[in-house]
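**Q** Before I ask anything, let me first share the structure, which is written out below as structure tokens.
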Protein chains: 4
Amino acid sequence: MASYRIAVIVGSLRRDSFNRKFATALARLGPADFSFVQLEIGDLPLYDQDDDDNQAAPVKRLKSEIAASHGVIFVTPEYNRSIPGVLKNAIDHASRPYGDSSWKDKPAGVIGVSPGAIGTALAQQHLRNILACLGMPTLGLPEAFIQANDSLFDAEGNIGERSRKFVQGWMDTYAAWVRLHTGA
Amino acid sequence: MASYRIAVIVGSLRRDSFNRKFATALARLGPADFSFVQLEIGDLPLYDQDDDDNQAAPVKRLKSEIAASHGVIFVTPEYNRSIPGVLKNAIDHASRPYGDSSWKDKPAGVIGVSPGAIGTALAQQHLRNILACLGMPTLGLPEAFIQANDSLFDAEGNIGERSRKFVQGWMDTYAAWVRLHTGA
Amino acid sequence: MASYRIAVIVGSLRRDSFNRKFATALARLGPADFSFVQLEIGDLPLYDQDDDDNQAAPVKRLKSEIAASHGVIFVTPEYNRSIPGVLKNAIDHASRPYGDSSWKDKPAGVIGVSPGAIGTALAQQHLRNILACLGMPTLGLPEAFIQANDSLFDAEGNIGERSRKFVQGWMDTYAAWVRLHTGA
Amino acid sequence: MASYRIAVIVGSLRRDSFNRKFATALARLGPADFSFVQLEIGDLPLYDQDDDDNQAAPVKRLKSEIAASHGVIFVTPEYNRSIPGVLKNAIDHASRPYGDSSWKDKPAGVIGVSPGAIGTALAQQHLRNILACLGMPTLGLPEAFIQANDSLFDAEGNIGERSRKFVQGWMDTYAAWVRLHTGA
């Protein structure tokens with residue numbers, strides 16, 4: 001039975017998103033006592049501080065799902081050298097209302113897939129700044145700037161041979177990070 | 001008659017947003033041949049790449065308004081040490097579809113109001129990275145991290161006595177920047 | 001007897017540096033089983049990769065002092081909206097030669113003093129990016145952008161009344177972070 | 001005869017630095033009325049604010065060389081996901097004493113070579129933040145994250161066939177940027 005529940009947030013809403021596929025494949029590499037749930041962020045309204053006292057149902061759902069998790073993995077593309085607005089909007093929502101952020105103390109992992117050579121490094125640099133101020137202990141190494149290519153996934157949608165060892169290593173390190181930061 | 005049309009994008013949707021009030025007051029300090037139009041970003045959908053070939057009406061409107069402008073001023077709060085997701089979502093929309101960004105070559109100004117001492121400096125640091133990759137020549141100095149306080153606006157909603165000289169100087173510098181970059 | 005030895009690196013070489021005074025005062029707030037040593041970085045040469053196989057004596061000293069520590073606190077001013085070159089030079093030296101970085105896994109704290117209102121927030125944002133890639137688990141909250149003023153220190157060079165509670169809280173949180181990350 | 005003098009600052013002190021070779025090859029692609037001078041930064045002391053009133057000879061030389069230039073190109077590797085301390089040290093020196101920065105209003109270009117796939121993108125993201133606060137109008141596009149490989153240079157040390165068109169395009173765009181910002 002899973003003891004650790006990890007929320008996975010994918011930064012892209014595209015149906016065939018590389019990052020969504022990657023998030024699914026990544027979850028299969030988790031330890032036996034870890035479960036992974038991809039959270040929906042595509043039905044959130046645009047954040048408006050005037051609604052802080054009256055958060056919409058999808059915002060409440062997002063916040064309760066994060067609260068029920070032991071950690072959060074962000075799997076995100078890079079848009080215009082930063083994180084997608086869609087992802088930042090979700091982060092802004094769940095950080096509110098003031099004094100009731102859902103993110104605090106949740107151990108975080110940052111990873112992303114991109115077709116380009118630079119991967120998602122610049123988006124991750126901004127994301128790390130954001131997670132620091134949210135009080136999320138964030139795994140530093142290994143850095144994971146995954147380049148999408150034909151061999152990234154195998155026919156069953158698992159991480160392909162060439163990248164598997166690296167991604168497995170990332171997951172193992174992240175899992176240990178979660179155990180450390182949740183007092184296991 | 002106004003020769004220069006400047007699009008003003010406010011990063012907050014809050015009705016009584018300091019940044020919206022500031023954007024309105026800032027526009028009054030513009031040269032006689034400049035006009036300023038605040039663009040609506042609160043009715044945009046969340047960006048989804050699957051819609052690139054079929055952009056929603058508010059996205060098309062945003063793009064055509066930017067295209068019709070000689071420059072863009074971003075007046076934005078800081079959320080979680082970066083720009084609001086709402087603002088990044090607007091930037092992502094208007095940068096698309098690939099090869100048809102509306103932002104390219106538009107001279108940009110970055111300014112923001114915050115109740116806290118750090119102002120909006122960290123958000124602006126990220127925003128400048130984004131604007132660089134969009135090809136927007138962005139005014140460097142003077143930096144404008146405006147702190148909201150009782151004297152920021154006067155009774156008529158103008159910039160108050162204490163800040164007026166600084167803000168007027170910023171506007172004058174930005175206007176010269178726009179003239180330079182639009183070949184005037 | 002001190003069980004935890006913390007290396008303290010001050011980003012300024014100025015004799016009467018606020019940050020150096022602050023580092024000294026900060027150390028006095030540490031738990032009984034913590035000791036603090038300010039490391040010298042002002043006698044390092046400029047980093048040159050050609051010397052990786054033959055590091056100068058001050059570089060070797062710096063590396064061995066870090067290796068002998070359980071954690072590192074960076075107390076740094078902000079120069080030109082980033083960390084001082086002097087500090088980055090020290091970081092570059094001790095990260096080398098390739099495969100033999102002294103920083104890896106050392107739990108880090110980031111704090112800084114500045115006369116200006118923005119404090120050292122922008123320098124810290126860059127520093128956090130650097131520490132992430134060095135594999136240093138870095139304390140996120142509380143953020144510590146300390147503003148220098150007449151009451152920051154008392155007559156004995158301790159943290160003044162007004163800031164003491166905040167700075168003590170920061171130290172307590174950092175000490176717990178070190179214990180967690182060194183397997184105590 | 002050259003009308004435009006461009007200062008070129010290489011961020012690495014390594015003798016066989018890719019970035020130094022690249023800076024040399026890049027200069028050969030400049031317009032006929034542009035000259036390029038690589039500035040020495042390896043003999044600068046570590047910056048110490050106590051010396052602001054009494055700058056060392058190499059600091060004075062650096063400042064006068066920048067002052068005599070119409071623009072500055074930064075050709076820099078990435079060290080630990082930011083710019084080298086060596087480069088930041090040079091930037092800090094020439095920005096001083098307070099009120100007498102040598103950088104202000106000099107149009108800047110940012111480019112860099114790296115053996116890794118991510119190039120120097122993360123260093124450049126930090127560098128752009130720094131140049132903004134120095135008041136240097138900085139070319140945004142094209143971004144130039146050059147990857148070092150066997151074909152980057154030809155036998156004569158020129159930019160190789162495969163990259164020449166891109167690098168020539170970068171230089172042409174930068175030269176136009178300098179002309180625009182120096183009132184030509």
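The values are calculated or read from the model by the stated rules, or taken from the named source; none is laboratory data. This is a predicted model, so every value here is computed, not measured. Note that we place each Cβ from the backbone using ideal geometry, even for glycine, and neighbour counts take in every protein chain shown.
**Q** Every residue in the range A:159-184 that is assigned to a loop (DSSP other than H, G, I, E, B) and among the hydroxyl-bearing types (Ser, Thr, Tyr), please. Give the steps one after another, and end with the answer.
**A** Step one: list which residues in the range A:159-184 are assigned to a loop (DSSP other than H, G, I, E, B), which gives A:160, A:182-184.
Once the filter is applied, which keeps residues that are assigned to a loop (DSSP other than H, G, I, E, B) and among the hydroxyl-bearing types (Ser, Thr, Tyr), the range A:159-184 yields only A:Thr182.
**Q** If you scan the range C:132-153, which residues turn out to be within 14 Å of chain A (Cβ to nearest Cβ), farther than 20 Å from A:Leu141 by Cα and either out of contact with any Lys or Arg (no Cβ under 9 Å at 6 or more places or on another chain) or not in a loop (DSSP other than H, G, I, E, B) (or both)?
**A** Matches in the range C:132-153: C:Pro142, C:Ala144, C:Phe145.
**Q** So D:Ala184 passes all but one of these: (1) in contact with a strand residue (DSSP E or B) (Cβ under 9 Å, 6 or more places away or on another chain); (2) at pLDDT 95 or above; (3) more than 9 Å from every other protein chain (Cβ to nearest Cβ). Which condition number does it fail?
**A** (2)
**Q** Quick test of your reading of the structure: C:Leu152 fulfils all but one of (1) closer than 22 Å to B:Pro115 by Cβ; (2) surrounded by fewer than 23 Cβ atoms within 10 Å (Cβ to Cβ); (3) among the aliphatic types (A, V, I, L, M). Name the failing condition by number.
**A** So the condition that C:Leu152 fails would be (1).
**Q** For D:Glu65, work out the one condition from (1) surrounded by fewer than 20 Cβ atoms within 10 Å (Cβ to Cβ); (2) of a type in the set (Asp, Glu); (3) within 14 Å of chain C (Cβ to nearest Cβ); (4) in contact (Cβ under 8 Å) with a residue 40 or more places away in the chain it doesn't fulfil.
**A** (3)
**Q** Let me ask something else about it. So D:Gly112 fits all but one of (1) touching a Pro at 6+ places or on another chain (Cβ under 7 Å); (2) among the small types (Gly, Ala, Ser); (3) farther than 20 Å from D:Arg20 by Cα; what number is the exception?
**A** (3)
**Q** On to the next question. Can you work out which of the residues in the range C:87-118 that are farther than 26 Å from A:Thr173 by Cβ, more than 13 Å from the chain's Cα centre (by Cα) and in a helix (DSSP H, G or I) is farthest from the other protein chains (Cβ to nearest Cβ)?
**A** Going through the qualifying residues, I end up with C:His93.
**Q** Here is a further query. Would you be able to say whether some residue in the range A:60-82 is part of a strand (DSSP E or B), closer than 30 Å to B:Arg20 by Cβ and of a type outside the set (Phe, Trp, Tyr)?
**A** yes
**Q** Within the group D:Ala23, D:Ala68, which residue is of a type in the set (Gly, Ala, Ser) and more than 26 Å from C:Gln49 (Cα to Cα)?
**A** Working: D:Ala23 fails: more than 26 Å from C:Gln49 (Cα to Cα).
One residue alone meets the criteria, D:Ala68.
**Q** Specify the residue that is nearest to B:Ser151 (Cα to Cα); the eligible residues are those in the range B:119-131 that are facing another protein chain (nearest Cβ under 7 Å) and touching an Asp or Glu at 6+ places or on another chain (Cβ under 8 Å).
**A** Selected residue: B:Gly119.
**Q** Assess whether D:Glu156 counts as being more than 14 Å from chain C (Cβ to nearest Cβ), charged (D, E, K, R), touching a helix residue (DSSP H, G or I) at 6+ places or on another chain (Cβ under 8 Å) and not in a helix (DSSP H, G or I). Talk me through it step by step, then tell me what you get.
**A** Working: more than 14 Å from chain C (Cβ to nearest Cβ): yes; charged (D, E, K, R): yes; touching a helix residue (DSSP H, G or I) at 6+ places or on another chain (Cβ under 8 Å): no; not in a helix (DSSP H, G or I): yes.
So D:Glu156 fails the test.
**Q** (1) modelled with pLDDT of 95 or more; (2) crowded, with 19+ Cβ neighbours inside 10 Å; (3) more than 29 Å from C:Tyr47 (Cα to Cα); (4) not polar (S, T, N, Q): which one isn't true of C:Arg128, the others all being true?
**A** (3)
**Q** When the residues of the range B:159-172 are narrowed to those that are away from chain D (no Cβ under 14 Å) and crowded, with 17+ Cβ neighbours inside 10 Å, which ends up nearest to the chain's Cα centre (by Cα)? Walk me through it before giving the result.
**A** Applying the first criterion (away from chain D (no Cβ under 14 Å)) to the range B:159-172 yields B:159-168, B:171-172.
Checking the rest, the ones that are also crowded, with 17+ Cβ neighbours inside 10 Å come to B:159, B:163, B:167, B:171.
On the way: B:Ile159: 17, B:Ser163: 19, B:Val167: 15, B:Met171: 12 Å.
For the range B:159-172, the residue satisfying everything is B:Met171.
Residue-by-condition table, conditions (1) within 14 Å of chain B (Cβ to nearest Cβ); (2) in a loop (DSSP other than H, G, I, E, B); (3) surrounded by fewer than 16 Cβ atoms within 10 Å (Cβ to Cβ):
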position: A:Arg15; (1), (2), (3): yes, yes, yes
position: A:Asn19; (1), (2), (3): yes, no, no
position: A:Phe22; (1), (2), (3): no, no, no
position: A:Ala32; (1), (2), (3): no, yes, yes
position: A:Val37; (1), (2), (3): no, no, yes
position: A:Ile41; (1), (2), (3): yes, yes, no
position: A:Asp50; (1), (2), (3): yes, no, yes
position: A:Asn54; (1), (2), (3): yes, yes, yes
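**Q** Can you spot a residue in the range B:74-94 that is farther than 30 Å from B:Arg164 by Cβ, acidic (Asp, Glu) and at pLDDT 95 or above?
**A** yes
**Q** Mind telling me which of the residues D:Gly140, D:Gly112 ends up being free of Cβ contacts under 8 Å to residues at least 12 places away in the same chain and within 25 Å of D:Leu29 (Cα to Cα)? Can you show your working first?
**A** On the way: D:Gly112 fails: free of Cβ contacts under 8 Å to residues at least 12 places away in the same chain.
Selected residue: D:Gly140, the only one of D:Gly140, D:Gly112 that is free of Cβ contacts under 8 Å to residues at least 12 places away in the same chain and within 25 Å of D:Leu29 (Cα to Cα).
**Q** Does the range A:75-86 hold any residues that are more than 11 Å from B:Gly85 (Cβ to Cβ) and within 13 Å of chain B (Cβ to nearest Cβ), and which are they?
**A** Applying the first criterion (more than 11 Å from B:Gly85 (Cβ to Cβ)) to the range A:75-86 yields A:75-81.
Within the range A:75-86, A:Thr76, A:Pro77, A:Glu78, A:Tyr79, A:Asn80, A:Arg81 qualify.
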